[in-house]
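FYI, it's all coordinate maths here, none of it is from the lab. Keep in mind it's a predicted model, so treat the numbers as computed, not measured. Counting neighbours? That spans all protein chains shown, and the Cβs are built from the backbone with ideal geometry, glycine included.
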2 protein chains.
Amino acid sequence: MREKSEETQKQILDAAKKIFAAKGLAGARMQEIADEAGINKALLHYYYRNKEKLFEQVFEGAIRKLLGPLASFLADDSELFTKIRNLCHHYYNVLIEYPFIPIFVLSEASANPDRFLRLMKFEGVVEAKEKTRMQIQQYINEGKIRPIDPRELLWNIMSLCIFPIVSRPIAVEILYSNDDVSEVLKQRADRVADFVIQSIKM
Amino acid sequence: MREKSEETQKQILDAAKKIFAAKGLAGARMQEIADEAGINKALLHYYYRNKEKLFEQVFEGAIRKLLGPLASFLADDSELFTKIRNLCHHYYNVLIEYPFIPIFVLSEASANPDRFLRLMKFEGVVEAKEKTRMQIQQYINEGKIRPIDPRELLWNIMSLCIFPIVSRPIAVEILYSNDDVSEVLKQRADRVADFVIQSIKM
DNA sequence: ACATTTTTTAACCAAATGGTTAAAAACAAA
DNA sequence: TTTGTTTTTAACCATTTGGTTAAAAAATGT
């Protein structure tokens, strides 16, 4: 009995994931989520009191899957170029599986950054990022890489990892004229890492 | 008399720009736009029949400002590194003024690409892009730059130019802890161009 | 068979919102 | 002052939408 209930709740969360990703918080309709989950609105509200709570649940779950490992990768003691490579792979691995995460963060964390920031702090991303920032600065001071604002370097890496996921549907049309882009994306983690490393190495 | 009318319409468009950028199409409220413009809802509907039309006007105007010059920059005969620099500057210039363009294109034009693709073809972006692709390929063949799939290079440039605009509200908090990021963004066009060129040059 | 839990049905409410209307008022040009 | 245009006021409508309710029904466990 408990199984059935939990299965339904998972169906709801999956449906919500999909609809929220496509329409955003404001654009999503509770009825549409219920339809997508194959249930009715009453049951939807039975399990999740309201839209906000439902969104919060979906959003936080997704973000945790991204941020937890990210913090680990940022905080570990590996050499910088290795770390960059790890970062790229992590981003691509998670985002290919959960491509809706960036859309969430971009459309919703912009409107309401508090929630997102709270999660970041909880997962320890802030400190981990600071550590990497110092590592980059040290590499620059030691003349191991070209001078660059560490924040810009991190922002560049994020851009190169996240944007292709988000823009995939458009890129398929304007760049890869309907070729299969899945394979391209899978190999892209290494290509992007190469691109970044090539740009900063002496 | 005509002046006053047109001034009001411009105030409306400016207000709409701002609100749509912050809240998106679904999240924006006509009342809020009217308030922002310093007029009332009746007058807002007097000049712009409905929300859709208002958005269409703002959006198409903005996208033309992006695509038209983009096609020109892609199609002209300048040297590749210059072209990359021009591209970056153009992206940053337009997107700082119309930061909602990427969000809309990503969220709405993905599901219904007709309008966007129509505009792209109309502005001649497709042919211009093809020309640049060939130029890149030629540079590679002549050993002037490192080998890279031209499509990936273009995708990287787009990522580095567009994503920071989209992720600005988040970056302000997690990277630039509430520093003024406007100045950073303005200077970023050149930095990004450097970054790209550094990465591909021999 | 009985009790418990899950799900549906279907009607309903309240608030928000896009949009309309018509008349008054403010304004500018002649 | 007269005339035409712009703007405000303020009430109003229709629809959408989030959310509730209560009872029936279906499914499930014991």
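Values for this structure:
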{"item": "Cβ-based charge dipole, the protein assembly as shown, positive-most Cα from A:VAL192, B:GLY68, B:ASN156", "result": "B:GLY68"}
{"item": "Calculated label separations, B:ASP194, copies of the chain, 7 Å along the beta-carbon direction, nm", "result": "2.5"}
{"item": "Pseudo-label separations to other copies for B:GLU142 - Cα-to-Cβ vector, 7 Å, nm", "result": "4.0"}
{"item": "Calculated P(r) of segment B:1-48 - Cα pairs past 12 Å, %", "result": "58 percent"}
{"item": "Partner aspartates and glutamates for A:LYS51 [C-alpha distance under 16 Å; skip if fewer than 8 residues away on the same chain]", "result": "A:ASP14, A:GLU32, A:ASP35, A:GLU36, A:GLU60, A:GLU108"}
{"item": "Sequence of B:HIS90, B:HIS45 once ranked by neighbouring C-beta atoms within 10 Å, starting from the fewest", "result": "B:HIS45, B:HIS90"}
{"item": "Binned Cα-Cα distances of the protein assembly as shown, short to long, each 20 Å bin given as a whole percent", "result": "25, 56, 19, 1"}
{"item": "Segment B:48-202: radius of gyration and largest Cα-Cα distance (Dmax), Å", "result": "16.7, 57"}
{"item": "Anchor A:LYS131: aspartates and glutamates whose Cα lies under 20 Å away (excluding residues fewer than 8 positions away in-chain)", "result": "A:ASP76, A:ASP77, A:GLU79, A:GLU123, A:GLU142, A:ASP149, A:GLU152, B:GLU173, B:ASP179"}
{"item": "For segment A:1-113, fraction of C-alpha pairs farther apart than 23 Å, in %", "result": "39 percent"}
{"item": "Footprinting exposure proxy for A:GLU183, A:GLU152, A:GLU127 (fewest neighbouring C-beta atoms within 10 Å first)", "result": "A:GLU183, A:GLU127, A:GLU152"}
{"item": "Computed log₁₀ I(q)/I(0) - Debye formula, equal Cα scatterers, no solvent, segment B:136-202, q 0.27 Å⁻¹", "result": "-1.16"}
{"item": "Rounded to whole Hz, the Karplus (6.51, -1.76, 1.60) HN-Hα couplings of segment A:130-144, x for glycine and proline", "result": "4, 4, 5, 4, 5, 4, 4, 4, 5, 4, 5, 4, 7, x, 7"}
{"item": "Per-copy distances of the A:ARG29 label point, shortest first, in nm (7 angstrom along Cα→Cβ)", "result": "2.1"}
{"item": "Neighbouring partner chain Cβ atoms per residue of B:184-190, average, 10 Å criterion", "result": "1"}
